[in-house]
1. Which one of these is under 20 Å from the mean Cα position of the chain (by Cα) and loosely packed, with under 10 Cβ neighbours inside 10 Å: Ala56, Ala2, Ala73, Ala51?
2. Step by step: first the residues of segment 12-48, then only those that are among the basic types (Lys, Arg) and closer than 24 Å to Met1 by Cβ, then the one that is least open to solvent (accessible area, probe 1.4 Å). Which residue is that?
3. Can you confirm whether Asp52 is at pLDDT below 90 and out of contact with any strand residue (DSSP E or B) (no Cβ under 8 Å at 6 or more places or on another chain)?
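The values are calculated or read from the model by the stated rules, or taken from the named source; none is laboratory data. Predicted, not measured: the structure shown is a model, and the values here were computed from it. Cβ atoms come from the backbone with ideal geometry, glycine included; neighbour counts cover every protein chain shown. Surface accessibility is based on the protein's heavy atoms, side chains included, excluding ligands, DNA and RNA. Shrake-Rupley method; radii C 1.70, N 1.55, O 1.52, S 1.80 Å.
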Amino acid sequence: MASMTIRNLDDGLKQRLRVRAATHGRSMEDEARDILRTALATTEPVARNLADTIRARLQSIGGVELEIPPRQAIRDAPDFDA
């Protein structure tokens, strides 16, 4: 098993860890392990792009059929000199 050292720990945070460990009847080291285990056990949702997020949110209300206008030829640019 691996071990690690946490440096520059705030005194107030260390005190809260000590009290929490005593409340649960275990050592500070065991309490810290449990906190890390719990925090890292939850899986974070997979990031999606904006289009997928919008599509997922609006999927329940159904789609919309839009009329697509027919394409036309490009018109000539206006002549302002005339």
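1. From the options Ala56, Ala2, Ala73, Ala51, the qualifying one is Ala51.
2. Taking segment 12-48 as the starting set, the residues that turn out to be among the basic types (Lys, Arg) are 14, 16, 18, 20, 26, 33, 37, 48.
Still in the list and also closer than 24 Å to Met1 by Cβ: 14, 18, 20, 26, 33, 37.
Values: Lys14: 104, Arg18: 115, Arg20: 110, Arg26: 79, Arg33: 104, Arg37: 137 Å².
Checking each candidate, the answer is Arg26.
3. So Asp52 fits the description; yes.
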